[in-house]
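The block underneath contains the structure these notes are about, expressed in structure tokens.
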Amino acid sequence: SEPTGKRRISIFGATGSIGQSTVDLIRRDSEAYDVVALTGGKNIAQLAKDAVDLRANIAITAHEENLDQLKDALFGSGVEVAAGQAAIEEAATRPCDWVMSAIVGAAGLLPGLRALESRATLALANKESLVTAGPLIMATAHAHHSQILPVDSEHSAVFQGIVGEDMDAVERIIITASGGAFRDWPLEKLATATLAQASAHPNWDMGQRITIDSASMFNKALEVIETKEFFQVSPDQIEVLVHPQSLVHALVGFNDGALMAHLGAPDMRHAIGYALHWPERRNLPVERLDLATVAKLEFRAPDETRYPALRLAREVMAAGGLTGAVFNAAKEIALDGFIAGQIGFMDMAGLVEDTLTQLDGDTSLIHAAMTLDNVLAADQMGREVARRLVATNNS
Ligand code: NAD
Ligand code: MG
């Protein structure tokens, strides 16, 4: 097709919560963009509608068995269709200026890497890629002179807080946590938490998996590791603070005692929009906070007995190597087990810890070089061990 001078963008995971917030921003100014690829899962109707509305070049479902349905939905539209992980990976190599990485889980790793290799700016919502293969992602960006922009609200907040600053002057980074669905539950009751209860977030409207991860604090555990990898700070410079209102997203502490806080409504379109327009700021359709009405902001230290995930994140960072890949993989399987009703809410952390314990002596796996093949092997091994533990769980 003819070059139009418009910004070429793709959205991986377009049908999800982050994907739809991204589509919303693009739709408001669609003349400014050439949409290259949109990818989704089983929600074919949504994927097809957005592909037509945004005149995407290609629409891809992750599932081969849904290809015919997607073909039917887009028949005569001029939108190319495809299915499967290889098609998603191929689409990530197409020339593009800005790519949203919003697939959930380690499945987001490969398309993100391919986009960086193709010199696109990567708006990274998929925190799992940094947890699984942080050094590989950062090295790939560096080697290809590609930019990564954080989309996780806390990391976008930190990123905004260090503009123009010298990283040597940064003493600490504090990311906040709402505490999730169970922050006010007594500890004894947590073991009985149901799927429905864990799937309701008090402040944010997100995909089911990250919502449950917020209740267990695994989301914050992933984010602590994400902070270490993205900002290249040491683990002891990273703190977590429970903040029930979710209005302060992160704080950066400097060596002169200054603490810069980022505040905003809990609406992911802020962080997505910041990454879309960076390095400029543009008007975004998010609520403006009235702090006189908010009146009160609360903070407290997280309780690690309630949230073993935070302790595990520290152990993962200390162990280094490919431990992050095992950790994330085990967490994904534990979460699958909880969603399927095979294990209880508090069993998830135990299962992840047992997986790490079983594999931490496997030096040739954990301390192999950080190549894509080795990352995928560690991910696979983490999944296998965790699946066995789910199957033999007798709680
Ligand atoms: P979601 O479940 O709402 O959407 C996930 C998207 O990925 C969907 O389009 C789905 O079809 C696709 N997908 C799922 N599995 C796939 C696979 N195996 N292969 C290809 N595509 C697949 O998730 P979400 O809440 O939008 O989160 C997306 C990512 O952004 C996650 O990494 C999450 O941690 C991160 N994130 C989300 C939020 C939020 O507010 N939702 C905030 C910060 C970070
Ligand atoms: Mg976050």
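The values are calculated or read from the model by the stated rules, or taken from the named source; none is laboratory data. Not measured: the values here are computed from a predicted model. Please note: Cβ atoms are built from the backbone with ideal geometry, for glycine as well, and neighbour counts cover all protein chains shown.
Restricting attention to region 117-153, the residues that are surrounded by fewer than 20 Cβ atoms within 10 Å (Cβ to Cβ) and near ligand 1 (Cβ under 10 Å from one of its atoms) add up to 0.
So for region 126-140 (the condition being outside any helix (DSSP H, G or I) and at pLDDT 95 or above), does at least one residue qualify? Within region 126-140, one or more residues are outside any helix (DSSP H, G or I) and at pLDDT 95 or above. At least 3 residues being within 16 Å of ligand 2 (Cβ to nearest atom) is the threshold, and among the helices (runs of 4 or more DSSP H) wholly inside region 1-98 those reaching it are 17-27.
Conditions tested, residue by residue: (1) surrounded by fewer than 19 Cβ atoms within 10 Å (Cβ to Cβ); (2) closer than 24 Å to Leu136 by Cα; (3) not β-branched (Val, Ile, Thr).
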position: Gly13; (1), (2), (3): no, yes, yes
position: Asp24; (1), (2), (3): yes, no, yes
position: Arg28; (1), (2), (3): yes, no, yes
position: Asp34; (1), (2), (3): no, no, yes
position: Lys42; (1), (2), (3): yes, no, yes
position: Ile58; (1), (2), (3): no, no, no
position: Ile88; (1), (2), (3): no, yes, no
position: Arg94; (1), (2), (3): yes, yes, yes
position: Ala115; (1), (2), (3): no, yes, yes
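Residues that are over 26 Å from Leu25 (Cβ atoms), modelled with pLDDT of 95 or more and within 14 Å of ligand 2 (Cβ to nearest atom) are absent from region 179-202 altogether.
So that you can scan it fast, the table gives a plain yes or no per residue for (1) within 19 Å of the chain's Cα centre (by Cα); (2) surrounded by 15 or more Cβ atoms within 10 Å (Cβ to Cβ):
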site	(1), (2)
Thr192	no, no
Ala196	no, no
Ile225	yes, yes
Ser234	no, no
Pro244	no, yes
Ala250	yes, yes
Leu259	no, no
Met268	yes, yes
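Quick one: which residue in Arg282, Arg314 is over 22 Å from Met206 (Cα atoms), touching a residue at least 24 places away in the same chain (Cβ under 8 Å) and either surrounded by 15 or more Cβ atoms within 10 Å (Cβ to Cβ) or of a type outside the set (S, T, N, Q) (or both)? After applying the criteria, what remains is Arg314.
Checking each residue in region 2-37 for being on the phi > 0 side of the Ramachandran plot and at pLDDT below 95 picks out only Gly5. Note on region 218-245: among residues that are assigned to a loop (DSSP other than H, G, I, E, B) and closer than 21 Å to Ile137 by Cβ, the one that is farthest from ligand 2 (Cβ to nearest atom) is Ser234. Inside region 198-217, residues that are near ligand 1 (Cβ under 10 Å from one of its atoms) and either buried (at least 19 other Cβ atoms within 10 Å of the Cβ) or not in a helix (DSSP H, G or I) (or both) make up a count of 10. Number of residues in region 68-115 that are more than 30 Å from Ala330 (Cα to Cα), in contact (Cβ under 8 Å) with a residue 40 or more places away in the chain and not hydrophobic (A, V, I, L, M, F, W, C): the value is 3. Does region 71-83 contain any residue that is within 12 Å of ligand 1 (Cβ to nearest atom) and either within 24 Å of the chain's Cα centre (by Cα) or buried (at least 18 other Cβ atoms within 10 Å of the Cβ) (or both)? Within region 71-83, one or more residues are within 12 Å of ligand 1 (Cβ to nearest atom) and either within 24 Å of the chain's Cα centre (by Cα) or buried (at least 18 other Cβ atoms within 10 Å of the Cβ) (or both).
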